[in-house]
Amino acid sequence: MVEGMSLEPAQNEVVFDPAKVRADFPILSRRIGKNPLVYLDNGASSQKPAVVIEAIDRYYREQHANIHRGVHRLSEAATVAYEKAREQVAAFLNAREARECIFTRNATEAINLVAATWGMSRLRKGGEIVLSAMEHHANIVPWQMVADRTGSVIRVVPVTPEGELDMAAFRALLSERTQLVAMAHVSNALGTINPAKEIVAAAHRVGAKVLLDGAQSTAHFPVDVQELDTDFFVFSSHKVCGPTGMGVLYGKADLLSAMPPYQFGGDMIREVDFAGTTFRDIPERFEAGTPHIAGAIGLGVALNYVSALQPEAHRHEQLLLAYATEQLKTVPGLRIVGTAPEKVPVISFLIDGVHPLDIGTLLDSDGIAVRTGHHCTMPLMKALGISGTVRASFAFYNTLEEADLLVASLKRAQAMF
Ligand SMILES: *Cc1c(COP(=O)(O)O)cnc(C)c1O
């Protein structure tokens, strides 16, 4: 449960109807062999509503031209649509200004951008980067690369056996040497919601900057970057019902403006001369070359779509989480990995004596899509003493009946072993 969001419907509030929402997603009505698709791999990527698919289709059919450079009508229309998408992203994150939102390819590139620019120019020899043991590889490896080059040091906050961040250990790691805290807002492997506001406040007290990896949080509850006071925030479009190939870096304007550019070329320059080149201000400074115009437009539509479903969607997801957790516990030998009190509906589990991959394969034969393996969190798996899990990750368009289908299929699979 997210602070400030009640599980009780407010007066006059419409009750969330997943059947109605499901009709918006063409793919959800397809079958896998003889079974209806039960899509529980939303942590890896979510499905797309027709409004997003149609907006991208319409853009290519009716509006496409390159942005920023044309005087002709199509180019102007494309530029307006692209910049409107930026406004939609800013509204979604409650950023102060649209120029604080930079379009990237995905969350991974957004983190790499900060590592290559802010990281390479600000990190000192002996300065410390604080990560957690539950980070996605995308929020580990870029920091290892800059730590290598700058002589800075990575410190890791441990995770409790329940899958929560060890906040006491986190506070103890902070010091005047800490330059950056880079942390998942929500764990993709365990579903844990980390206390982001507390993390940011504690980091700021020692003068460190904070990057929150919002690749999972953005899909499940509203995010307010001003309220969190985070310096950087990243997410991927494809996990929030938007197209692939699109991501966002939010950064406070003063920080972004003081950072060197990331990539170089067209669109990001003010003036080019062989004697020297000057660069544009944010956001163009960080968007070299022709961007993914259709991707931005699709993302804007997706964000409007998911925002309009709140807060009912969040409440439905919490119901799904509680129900699926209880039902999964009735499967003999099943153990849930990650039992933090504050979670999104991502449920990792193991079944005694059965390899996760075999479970995933058997579920697939019933049309149920889950993910198995280390979920790009090898250090977390190592810390928990396991090699991987089966992960069922729900979205607001999933139903209690689908949770029942998962459990029934697992019981059949379990009986086979
Ligand atoms: C998926 C994910 C990423 C990486 O997202 P990409 O879209 O692959 O760049 C990073 N962090 C977390 C927590 C994720 O779940």
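The set of residues from the stretch 34-92 being within 16 Å of the ligand (Cβ to nearest atom) and of a type in the set (Asp, Glu) comprises just one member, Asp41.
Residues that are closer than 17 Å to Thr108 by Cβ, of a type outside the set (A, V, I, L, M) and touching a strand residue (DSSP E or B) at 6+ places or on another chain (Cβ under 9 Å) within the stretch 119-138 comprise Gly119, Glu135, His136, listed in sequence order. Restricting attention to the stretch 363-405 and to residues that are under 27 Å from the mean Cα position of the chain (by Cα) and among the hydroxyl-bearing types (Ser, Thr, Tyr), the residue that is surrounded by the fewest Cβ atoms within 10 Å (Cβ to Cβ) turns out to be Ser387. Whether any residue in the stretch 245-253 is assigned by TED's automatic domain parsing to the domain that holds Asn139, closer than 30 Å to Gly43 by Cα and of a type in the set (D, E, K, R) is what I want to check. Checked the stretch 245-253: at least one residue is assigned by TED's automatic domain parsing to the domain that holds Asn139, closer than 30 Å to Gly43 by Cα and of a type in the set (D, E, K, R). Check whether at least one residue in the stretch 222-231 is surrounded by 24 or more Cβ atoms within 10 Å (Cβ to Cβ) and within 13 Å of the ligand (Cβ to nearest atom), and report yes or no. So far as the stretch 222-231 goes, no, none of its residues is surrounded by 24 or more Cβ atoms within 10 Å (Cβ to Cβ) and within 13 Å of the ligand (Cβ to nearest atom). Consider the stretch 382-412. How many of its residues are touching a residue at least 40 places away in the same chain (Cβ under 8 Å) and under 30 Å from Lys48 (Cβ atoms)? Count: 20. Note on the stretch 154-176: residues that are among the polar types (S, T, N, Q) and touching a Leu at 6+ places or on another chain (Cβ under 7 Å) amount to 0.
Taken as a whole, the condition of being within 27 Å of Ile347 (Cβ to Cβ) and either within 16 Å of the ligand (Cβ to nearest atom) or among the hydrophobic types (A, V, I, L, M, F, W, C) (or both) does not apply to Ala258.
Considering the stretch 232-254 alone, what residues qualify as being among the aliphatic types (A, V, I, L, M) and surrounded by fewer than 17 Cβ atoms within 10 Å (Cβ to Cβ)? Matches in the stretch 232-254: Ala253 only. Here is the figure for the stretch 213-262: residues that are out of contact with any Ser or Thr (no Cβ under 6 Å at 6 or more places or on another chain), more than 22 Å from Ile297 (Cα to Cα) and in a loop (DSSP other than H, G, I, E, B) total 6. Note on the stretch 82-98: residues that are buried (at least 19 other Cβ atoms within 10 Å of the Cβ) and assigned to a helix (DSSP H, G or I) total 8. If you check Ala408, Ala415 for being surrounded by fewer than 18 Cβ atoms within 10 Å (Cβ to Cβ), assigned to a helix (DSSP H, G or I) and modelled with pLDDT under 95, only one passes: Ala415. Of all the residues in the stretch 49-81, those that are assigned to a helix (DSSP H, G or I) and either under 30 Å from Arg22 (Cα atoms) or out of contact with any helix residue (DSSP H, G or I) (no Cβ under 7 Å at 6 or more places or on another chain) (or both) number 20.
Tell me, yes or no, whether the stretch 105-118 has at least one residue that is outside any helix (DSSP H, G or I), within 16 Å of the ligand (Cβ to nearest atom) and surrounded by 17 or more Cβ atoms within 10 Å (Cβ to Cβ). Within the stretch 105-118, one or more residues are outside any helix (DSSP H, G or I), within 16 Å of the ligand (Cβ to nearest atom) and surrounded by 17 or more Cβ atoms within 10 Å (Cβ to Cβ). Hey, any hits in the stretch 139-151 for a residue that's within 25 Å of Asn106 (Cβ to Cβ), within 16 Å of the ligand (Cβ to nearest atom) and among the small types (Gly, Ala, Ser)? No. Among the residues of the stretch 32-65, those identified as at pLDDT 95 or above and among the polar types (S, T, N, Q) are Asn35, Asn42, Ser45, Ser46, Gln47.
Scanning the stretch 320-333 for residues that are farther than 13 Å from Ala403 by Cβ and crowded, with 20+ Cβ neighbours inside 10 Å turns up nothing.
The values are calculated or read from the model by the stated rules, or taken from the named source; none is laboratory data. Keep in mind it's a predicted model, so treat the numbers as computed, not measured. Counting neighbours? That spans all protein chains shown, and the Cβs are built from the backbone with ideal geometry, glycine included.
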